[in-house]
Amino acid sequence: MTYFITTGGIFTKDGKPSKQLLSLWRIRTLLSAILPALLLSPIFSSQRTLWLLLSALWTLAMSVFAACYLPCVFNRYHYDFDQYGLSLSSGFLYQKVRRLSIAGIQFVEISTLPIEHMLGLCSLSVYAMGGRLTIAGLTPKTAHRIKAALLPVSKKESADE
């Protein structure tokens, strides 16, 4: 049995998540740069100049990370759905492909964190025998369409056996 998901169907043009995912990653990175600097400020109260220098260097390093590394990771992050299952490719230095068989799917969950909610994004987690696959950066509409496509297919496959 073959399943075809067209461009107008479930996925965006090339199986990539929303570009707002890159914004989400950048917000998280900058928060992880600024919060430690603020929390460590009482420790360096007597050495204010050292604290300001270290905080500025840390924030600069994380900003470069957010501006250079994260777009490269985003460009290599994509997912695919075919007659065999769902796969997620990611990684920058080396490509990692994770795949779940349709027949093994047990549960599909859609979750949204507060920052994701503000950006209109959600994550889709697919649980199967022996693993879990989470696709981040989907719009709620796309996530619900993927969930609807995966669950009937997995139920039908298991009923045929």
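Each reported figure results from applying straightforward, stated rules to the coordinates on display, with no laboratory input. Computed from a prediction, not measured in an experiment: that's the story for all the values here. Cβ coordinates were reconstructed from backbone atoms using ideal geometry, including for glycine residues, and neighbour counts include every protein chain displayed.
Taking the Cα-to-Cβ direction at LEU50 and at THR134 and moving 7 Å from each Cα, how far apart do the two end points lie in nm?
A separation of 3.8 nm, rounded to one decimal place.
Each label point is 7 Å from the Cα along the Cα-to-Cβ direction; what then is the distance between the points at TYR94 and LYS19, in nm?
Once both label points are built, they end up 3.2 nm from each other.
Can you compute the helix-only [θ] at 222 nm over the chain? Use -39500 (n - 2.57) per DSSP H run of at least 4 residues, normalise by all residues, nearest 500 deg cm²/dmol. Mind dumping the intermediate values first?
Details: 5 runs with 70 residues, N = 161.
One gets -14000 deg cm²/dmol as the mean residue ellipticity at 222 nm.
Please identify every one of the chymotrypsin sites (Phe, Trp or Tyr not before Pro) in segment 25-95 that sits in a loop by DSSP and has no more than 11 other beta carbons within 10 Å of its own beta carbon.
Working: sites: TRP25, PHE44, TRP51, TRP58, PHE65, TYR69, PHE74, TYR77, TYR79, PHE81, TYR84, PHE92, TYR94; in loops: PHE44, TYR77, TYR84, PHE92, TYR94.
Sparse-neighbourhood loop chymotrypsin sites (Phe, Trp or Tyr not before Pro): TYR94.
Round to a whole angstrom and tell me the spacing of the C-alpha centers of segment 46-87 and segment 106-121.
Cα centroid to Cα centroid, the span is 20 Å.
Can you give the FRET efficiency for LYS141 and THR59, using 1/(1 + (r/R0)^6), R0 = 35 Å, r = Cβ-Cβ distance, to the nearest 0.05? Could you put the intermediate results ahead of the total?
Working: r = 36 Å, r/R0 = 1.02.
Working from the Cβ atoms, E equals 0.45.
Averaging over all projection directions, find the projected area of the Cα convex hull of segment 15-161 and quote it in nm² with one decimal place.
Mean projected area for segment 15-161: 10.6 nm², to one decimal.
Explain nothing, just compute: Karplus ³J(HN,Hα) = 6.51 cos²θ - 1.76 cosθ + 1.60, θ = phi - 60°, for every residue of segment 38-55 in order, whole Hz, x for Gly and Pro.
Using θ = phi - 60°, the values come out as 5, 5, 8, 4, x, 5, 9, 4, 7, 10, 4, 5, 4, 4, 5, 5, 5, 5 Hz.
Rounded to the nearest 20 Debye, what is the dipole magnitude of segment 31-115 about its Cα centre when Lys and Arg each give +1 and Asp and Glu each give -1 at the C-beta? Spell out each step's value before the answer.
On the way: 5 positive and 3 negative charges, 48 e Å.
It comes to approximately 240 debye.
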